[in-house]
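The values are calculated or read from the model by the stated rules, or taken from the named source; none is laboratory data. Source: prediction; values computed, not measured. Because the Cβ atoms are built from the backbone with ideal geometry, glycine has one as well, and the counts that use them run over all protein chains shown. Surface accessibility is based on the protein's heavy atoms, side chains included, excluding ligands, DNA and RNA. Shrake-Rupley method; radii C 1.70, N 1.55, O 1.52, S 1.80 Å.
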Amino acid sequence: MHEAVDAWGRAPTQLLQVLRETQESLGYLPPGALERISAALGVSIARVRGVVAFYSFLYAEPQGDYRLLFSDNVTDRMRGSADRLREMSQRLWVEPGKVSEDGLVSLGRTSSVGLDDHAPGLLVNGRPVGDVDAARATLLGDLILGRVPIAEWPPELFAVADQVRRADVMLTDPIRPGEAIRAALARGEADGAGRQATLEEIKSARLLGRGGAGFTTGVKWESCSRQPVTPRVVVCNADEGEPGTFKDRLLLGRYADLVFEGMTVAAWGIGASLGFVYLRGEYRYLLDALRDTLERRRREGLLGKAICGREGFDFDVQIHVGAGSYVCGEASALVESLEGKRGIPRNRPPRLAEKGYLGLPTIVNNVESYCAAALIVLRGADEFRSRGTSRSSGTKLLSVSGDCARPGIYEYPFGVTVRQVLEDSGAAGTIAVQAGGPSGTCLGQDEFDRRIAFEDIETGGAFIVFDGSRDMFEVARHFAHFFAEESCGFCTPCRVGTSLLRNLMDKIRDGKGSQHDLNTIEELGRLLGKASHCGLGESASKPLLGTLRRFRPAYERRLGSSAVEPAFDLDGALARARRMTGRDDPGAHLGESP
Ligand SMILES: Cc1cc2nc3c(=O)[nH]c(=O)nc-3n(C[C@H](O)[C@H](O)[C@H](O)COP(=O)(O)O)c2cc1C
Ligand code: SF4
């Protein structure tokens, strides 16, 4: 614990990092450690306990010497993860969610570890193992039962091959460290516009955020740069929590210089001196290499004081590691988490560009957005706009997984059709594609000529393929469980609504559903879309509504009764939410649109 406090300092903002590192050395977080951390950082013990309870990778109880965490995305299930988990559980004498009696092993599930191209995947003590077929599972069991230290396990077990199947400008021709920063400085000198020249170039390129929502990056940066308060802050969102997305894993693992280059260019543009990468806990294994790259860049004068010799251009980056919470990918929840708190999304306004990290003007962008920004500054907005469509310029990385012969990363200019991606990835007999993960769009066969572009199909990058052997009801039911699990519980419509959706889907699966339940799913979906506090709740019903529209027979053949059997009084269940939010307008009631 002392080492963690010494390394991170005594500021309350470091609480999550201190807890995480203390757990790395003790195996879990015993009550005494929590009290000492509370005293050392000057935060109440209630807040410390609240943070531990919020993050699923923080443990208040002892864990096994070997900690197996199975990835539980739909792609893992499609490749047999449930069988592997069952076999492992029997062989190691431990139930999922428990620690074995001898303390040797703990077995758990987590929503997705970002190994969909190597499904089924899992983490062993934080290290990734992909392609876990029966033979690999047996080998893992042998190593654990033989109590072989992880450091002595065959290194190929942990090798995650990044399968780049199609490369365009971002992945083919990586820039040399410092090139884009120097280009930004030179452009500002050439036209005398200084930092503004960088902002103009990003705006002119019409770069839209690659995290999924597609906000105009140049506008966000400019708004932040105009805030009178300093220091300003650049945050890289490397939470990559959307199940089915793994393209940031590639960028962080093999293109880290490009990511940091983009962040530094952003810092120049907005006049920031503080930088953070928020790395998802599942990617903890990338941390050491990322820190080495940062250290090298400091030695090369690309971070720290007077970057590239420019007096007054001071900027550095710290990496904070998350601890297993999907909602922390939402930009304001991420900033809360960076401040060492529970990741509860903030009320807006104010926007983060005005008051973000510790109340300072802050930009939060996706990993890929920073990479694109570096390319724009180096090669110019015209070159960038020469790819893609008029409204979606540049290229997009897609994480392709599921029923296809060639899963992996595909970089395409925006505007590529779904059909083209299916063809390139060797998909056959496809009945559906889930673009953008559970919170994205379910596409049926009649939509395969639609295009990946902000004006048509928006996606943060996930592209999950389903062939005719898949049951789209089960896919949607799985996603309903995902959202109920990941809802942070802060607002009642989402907390109650996601649980109700999950229960309704289970009821239908059990053959006890009725037509009334299908109607309720649709009503609840509309309500969640309108009344939720953040994007998680807004998206939670999308996979259900999408599959209901396109694959209704998959639901209807399970209905046990045509009679109306309400499982609960939905409007009554939401009455408390109305009281809490002080709303009683028609929009806060079911079936009454304003
Ligand atoms: C529940 C939820 C999870 C999100 N997860 C991520 C994520 O893992 N990575 C990401 O870049 N954006 C994520 N976002 C979007 C961010 O809130 C934000 O829009 C994005 O980081 C902005 O960067 P961009 O403009 O470069 O896309 C998430 C949003 C929501 C509502
Ligand atoms: S919508 Fe869901 S995830 Fe978002 S704040 Fe409300 S409860 Fe939390």
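Structural remarks
Listed here are the residues, each with its yes/no results for (1) among the basic types (K, R); (2) within 28 Å of the chain's Cα centre (by Cα); (3) on the phi > 0 side of the Ramachandran plot.
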{"residue": "A40", "(1), (2), (3)": "no, no, no"}
{"residue": "S44", "(1), (2), (3)": "no, no, no"}
{"residue": "F57", "(1), (2), (3)": "no, yes, no"}
{"residue": "A60", "(1), (2), (3)": "no, yes, no"}
{"residue": "R67", "(1), (2), (3)": "yes, yes, no"}
{"residue": "F70", "(1), (2), (3)": "no, yes, no"}
{"residue": "T75", "(1), (2), (3)": "no, yes, no"}
{"residue": "A82", "(1), (2), (3)": "no, yes, no"}
{"residue": "L85", "(1), (2), (3)": "no, yes, no"}
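- Index of the failed condition, M505 passing every other in (1) away from ligand 2 (no atom under 16 Å from the Cβ); (2) closer than 30 Å to R348 by Cα: (2)
- Residues of the stretch 200-230 classified as more than 15 Å from ligand 1 (Cβ to nearest atom) and closer than 21 Å to D382 by Cβ, total: 3
- Given (1) more than 16 Å from ligand 2 (Cβ to nearest atom); (2) at pLDDT 95 or above, number of the condition S390 does not satisfy: (2)
- Residue in the stretch 278-287 that is within 16 Å of ligand 2 (Cβ to nearest atom) and open to solvent by 10 Å² or more (accessible area, probe 1.4 Å) present: no
- Of the set (1) surrounded by fewer than 24 Cβ atoms within 10 Å (Cβ to Cβ); (2) more than 16 Å from ligand 2 (Cβ to nearest atom), all apply to A213 but (2).
- Within the stretch 184-210, no residue that is under 19 Å from G394 (Cα atoms) and assigned to a loop (DSSP other than H, G, I, E, B) sits with its Cβ atom under 9 Å from a residue that is open to solvent by 40 Å² or more (accessible area, probe 1.4 Å) and aliphatic (A, V, I, L, M) at 6+ positions apart or across chains.
- Any hit, the stretch 314-329, residues being in a loop (DSSP other than H, G, I, E, B), modelled with pLDDT of 95 or more, surrounded by fewer than 23 Cβ atoms within 10 Å (Cβ to Cβ) and away from ligand 1 (no atom under 16 Å from the Cβ): yes
- For the stretch 302-328, the candidate set comprises residues that are on the phi > 0 side of the Ramachandran plot and in contact (Cβ under 8 Å) with a residue 12 or more places away in the chain; within that set, the residue that is nearest to ligand 2 (Cβ to nearest atom) is G324.
- Scanning the stretch 55-67 for residues that are touching a Ser or Thr at 6+ places or on another chain (Cβ under 7 Å) and buried (at least 21 other Cβ atoms within 10 Å of the Cβ) yields one hit, G64.
- Pairs, first within 17 Å of Q14 (Cα to Cα) and more than 12 Å from ligand 2 (Cβ to nearest atom) in the stretch 329-350, second basic (K, R) and not in a loop (DSSP other than H, G, I, E, B), C-beta under 8 Å, six or more apart: K341/R47
- Output for the stretch 444-465, where each listed residue is free of Cβ contacts under 8 Å to residues at least 40 places away in the same chain, open to solvent by less than 30 Å² (accessible area, probe 1.4 Å) and either under 23 Å from T498 (Cα atoms) or assigned to a loop (DSSP other than H, G, I, E, B) (or both): F448
- Scanning the stretch 412-432 for residues that are open to solvent by less than 40 Å² (accessible area, probe 1.4 Å) and not in a strand (DSSP E or B) returns F414, G415, V416, V418, V421, L422, S425, G426, A427.
- Only residues that are within 10 Å of ligand 2 (Cβ to nearest atom), over 18 Å from the mean Cα position of the chain (by Cα), in contact (Cβ under 8 Å) with a residue 24 or more places away in the chain and in a helix (DSSP H, G or I) were counted across the stretch 477-500, and they come to 6.
Yes/no per residue for (1) modelled with pLDDT of 95 or more; (2) within 16 Å of ligand 1 (Cβ to nearest atom); (3) assigned to a helix (DSSP H, G or I); (4) within 23 Å of E485 (Cα to Cα):
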{"position": "R526", "(1), (2), (3), (4)": "no, no, yes, yes"}
{"position": "G529", "(1), (2), (3), (4)": "no, yes, yes, yes"}
{"position": "L536", "(1), (2), (3), (4)": "yes, yes, yes, yes"}
{"position": "L544", "(1), (2), (3), (4)": "yes, no, yes, yes"}
{"position": "Y555", "(1), (2), (3), (4)": "yes, no, yes, yes"}
{"position": "E565", "(1), (2), (3), (4)": "no, no, no, no"}
{"position": "M580", "(1), (2), (3), (4)": "no, no, yes, yes"}
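- Selection of the stretch 248-295 for residues being in contact (Cβ under 8 Å) with a residue 60 or more places away in the chain, in a helix (DSSP H, G or I) and more than 20 Å from the chain's Cα centre (by Cα) yields D257, E261, T264, V265, A266, W268, G269, I270.
- Condition check for G218: more than 16 Å from ligand 2 (Cβ to nearest atom), of a type outside the set (S, T, N, Q) and crowded, with 22+ Cβ neighbours inside 10 Å: yes
- Matching residues in the stretch 330-343 - criterion: being surrounded by fewer than 23 Cβ atoms within 10 Å (Cβ to Cβ), assigned to a helix (DSSP H, G or I) and either touching a helix residue (DSSP H, G or I) at 6+ places or on another chain (Cβ under 7 Å) or of a type in the set (D, E, K, R) (or both): E336
- Among the residues of the stretch 233-251, those identified as more than 10 Å from ligand 1 (Cβ to nearest atom) and either of a type in the set (S, T, Y) or buried (at least 24 other Cβ atoms within 10 Å of the Cβ) (or both) are V233, V234, P243, G244, F246, K247, R249, L251.
- Among the residues of the stretch 137-179, the one identified as within 30 Å of E261 (Cβ to Cβ), without any contact (Cβ under 8 Å) to a residue 40 or more places away in the chain and of a type in the set (A, V, I, L, M) is A159.
- Within the stretch 525-536, restricting attention to residues that are surrounded by fewer than 18 Cβ atoms within 10 Å (Cβ to Cβ) and touching a residue at least 60 places away in the same chain (Cβ under 8 Å), the residue that is farthest from ligand 2 (Cβ to nearest atom) is R526.
- Residue satisfying all of: in the stretch 487-524; away from ligand 1 (no atom under 16 Å from the Cβ) and more than 19 Å from Y555 (Cα to Cα); least open to solvent (accessible area, probe 1.4 Å) among these: T492
- Looking only at the stretch 8-40, and only at residues there that are open to solvent by 10 Å² or more (accessible area, probe 1.4 Å), of a type in the set (A, V, I, L, M, F, W, C) and not in a loop (DSSP other than H, G, I, E, B), the one that is farthest from V277 (Cα to Cα): A39
- Single match in F454, F466, F482, F490 (criterion: at pLDDT 95 or above and either in contact with a helix residue (DSSP H, G or I) (Cβ under 6 Å, 6 or more places away or on another chain) or over 30 Å from G511 (Cα atoms) (or both)): F454
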